[in-house]
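Here is the structure we will look at, set down as structure tokens.
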Amino acid sequence: MKTKNETRHKTRRDMPDEMQHGEQPQKERSKTSVIFGGIFSAIVVLCGIAGGYGLTSLLYRATGAPPEFVRHILSGITGLLLVFAVMRIAMVIRWRHGQKDSHRFPHQRLIDDIQNALTNIAHGNFDIFVQSGDEGRGPLTDMAESVNRMAAKLGTAENLRQDFVSNVSHEIQSPITSVGGFAALLKNDGLDGETRRHYLEIIETECKRLSNLSNNLLKLSSLDGTAEPLKRTKFRADKQIKQAALMLEPQWTKKNLTLEADMEKAEIFGDESLLYEVWVNLINNAIKFTPEGGRIDITLSAQSDGTVAVAISDNGAGILAEDQPHIFERFYKADKSRNRGQSGSGLGLSLVKKIVELHGGRIEFVSEYQKGTTFTVFLAA
């Protein structure tokens, strides 16, 4: 792991060649300044000597000419004084010009670092940090902090993208491997009818897994990227939840589960098709993790704050305490020991949470391992 300062120096070394070429003109400008400075100094000395000779000549006209030796000394001293005065004036002018440049560009290093950082971000390197140092507060330091925040968010997004691709690849590879393996086994003409049907059922189950994964990915992608408003209408929530439970009746009757519903008549304002997905996913989860002969309870009640609360409870496997903070994360699977018939994509609860939040609602849960789980959805009536 690189430190932030090391990363900043690295970005300066690794910046593109076209940016490094800016150093060469600066050296050439320095050489040019030295040459012109030497020429200027020589001109000043010659002008000073000539000026000293001219001033002393004018003085001699009024006072009379001293001996030649004295005249040379006096003209030389006068010339040196003129040279010193001109050089002093030049130094003051140059100093003031430098002060103006310093005032105009006090943060040149910070400007260079920001430019280098943006170049690296454009090339896909988000592991950067612009050190503002002791430059003081100002627009440039605010810009540096914005660049750092942007790099951090882009780096997080890139990590999420890589994890997403990895998870999708893993989820797809598992059923494809099963389908290919059992399809190869079906080529054996010596298989009896029961074994052949068993292999076909596995292939069918894995194909359904792939289909569900694809559908959930498309739904999540659509909900993440769409800017279109929800297609809200007024409808009876109790009737919709009852319809979802009846649609899943083959699953819960197959496990001899008891499903009880106690629902008040209540209307909600929302996207009917999306909220149907919420009830189907939550009820299906309850069925999946409730053991043979277990119980599922569904309640719907109006709250004093004007919301509607829908609770779906089971007396199933429950969720371990260490898994509970992660259950709404995409592709997270709390129960790593599920059998093939129970396995899912780990996207169902992520989809539920996304839909509920798009409606301005919230979802809560309480769970105790090996005793059961209750999910409660709160929506505006």
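Of note:
- Of the residues making up the range 357-381, those that are surrounded by 14 or more Cβ atoms within 10 Å (Cβ to Cβ) and polar (S, T, N, Q) are Ser367, Thr373, Thr374, Thr376.
- If you filter the range 167-194 down to residues that are among the aliphatic types (A, V, I, L, M) and under 26 Å from Leu347 (Cα atoms), you find that the one that is modelled with the lowest pLDDT is Val168.
- Unique match (being over 24 Å from Ala311 (Cβ atoms) and of a type in the set (Val, Ile, Thr)) among Thr253, Thr258, Thr233, Thr205: Thr205
- Options Gly316, Gly270: the member that is buried (at least 19 other Cβ atoms within 10 Å of the Cβ), in contact (Cβ under 8 Å) with a residue 40 or more places away in the chain and out of contact with any helix residue (DSSP H, G or I) (no Cβ under 6 Å at 6 or more places or on another chain): Gly270
- Qualifying residue in the range 287-303 (condition: part of a loop (DSSP other than H, G, I, E, B) and at pLDDT below 90): yes
- Boolean, Lys208 is part of a loop (DSSP other than H, G, I, E, B), charged (D, E, K, R) and on the phi < 0 side of the Ramachandran plot: no
- Some residue of the range 201-208 being surrounded by 13 or more Cβ atoms within 10 Å (Cβ to Cβ), of a type in the set (Ser, Thr, Tyr), over 29 Å from Leu300 (Cβ atoms) and out of contact with any Leu (no Cβ under 6 Å at 6 or more places or on another chain): yes
The values are calculated or read from the model by the stated rules, or taken from the named source; none is laboratory data. As the structure is a computational prediction, the values presented were derived from the model and not from experiment. Reconstructed Cβ throughout: ideal geometry from the backbone, glycine too, with neighbour counts over all protein chains shown.
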